[in-house]
1. What is the Å³ per residue value for the convex hull set by the Cα atoms of the stretch 77-118?
2. Calculate, in nm to one decimal, what A207 and A185 gain on full extension: separation in residues at 0.36 nm each, minus their alpha carbon distance.
3. Give me the percent relative contact order of the stretch 129-210, please, defined on Cα pairs under 8 angstrom at least 6 residues apart.
4. Taking loop as defined by DSSP and a crowding limit of 13 other beta carbons within 10 Å, which GluC sites (Glu not before Pro) in the stretch 57-131 fit?
5. Taking the beta-carbon count within 10 Å as an exposure proxy, list L80, L216, L123 from fewest neighbours to most.
6. Note down the Stokes-Einstein diffusion coefficient of the stretch 126-228 in µm²/s, whole number, using a Kirkwood radius over alpha carbon pairs, 4 °C, and 1.567 mPa s.
7. Apply the Karplus curve 6.51 cos²θ - 1.76 cosθ + 1.60, θ = phi - 60°, to the phi angles in the stretch 67-77 and return the couplings in whole Hz, x for Gly and Pro.
8. Most exposed first by the Cβ proxy, i.e. fewest other Cβ within 10 Å, how do L161, L198 rank?
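The numbers here are math on the coordinates, done by the rules we state, and not lab data. As the structure is a computational prediction, the values presented were derived from the model and not from experiment. For neighbour counting, all protein chains shown are included, and Cβ atoms are generated from backbone atoms with ideal geometry for every residue, glycine included.
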Amino acid sequence: MAARVAIRILRVTALIVVTALGVSCSASKSGSETSAGSDSRVEGSSASDPTSPTAPTEATDTAAALALLNGDIEVLTDQLGDPAVASAARTVLESGDAEPPLRFAASYVWANVGDDPAVLVPLLTDPDPAIALTAAIGVVAQGGREGFAPLIAALTSTNALEYYDTGEPAWSAANVALVQFTGIASNGPPFDANASQLALAQQRWQAWLDVNAGSLSFDAATGVWTTS
């Protein structure tokens, strides 16, 4: 049975829980099937206690780190604090030739513990929506404006994200991330949004970005974007 783990973004002073999505425990290079879970509740807008990745007792070597990326996401999550895992993820992403499951695992790691949004920027146009959305969350979380447009574009997508076992639609994950990193909830959409509400929310967020793109400022200490 696939376990539920959160996509977590490690910031300078705190671990921000972006959204509690169920990630399939099998994201191997061969590509395992994922199943939709019964609980699709997004917890990113509710109060939750941040928890840090388990610190490894010994530094993982490169080969072991690559094995983690090709294996169980739950085990990988427990090793997010290992520099070798982050280094292996960066190597995979910069190679540009990894298969989708491995690209997802690497983008998941870098979105959580990376310190350079430029590593994820090429993935914003990845043909796999789950990878592109994970990259967009990571880019915005690490101070990259480039991630906002893909998040806003995803607000009308009702497709379930591959590699996530809750049946989470793309628009819901994008919505949680936008609210989390801007502190703006008034643009919507509501969590039970219909198609017209999704389209309206997308228009509002796009108008917000059009007006504020040049004045957006990122506070690395809080992980929140503001406009000046």
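1. Dividing the Cα hull volume of the stretch 77-118 by its residue count gives 61 Å³.
2. Details: separation 22, 0.36 × 22 = 7.92 nm, distance 1.45 nm.
Between A207 and A185, full extension yields 6.5 nm more.
3. 27 percent
4. Details: sites: E58, E74, E94; in loops: E58.
Sparse-neighbourhood loop GluC sites (Glu not before Pro): E58.
5. Arranged by neighbour count, lowest to highest, L80, L216, L123 become L216, L80, L123.
6. Numbers: Rh = 13.7 Å.
The calculation lands on 95 µm²/s.
7. Once θ is set to phi - 60°, the couplings for the stretch 67-77 become 5, 4, 5, 8, x, 7, 5, 5, 5, 4, 4 Hz.
8. L198, L161
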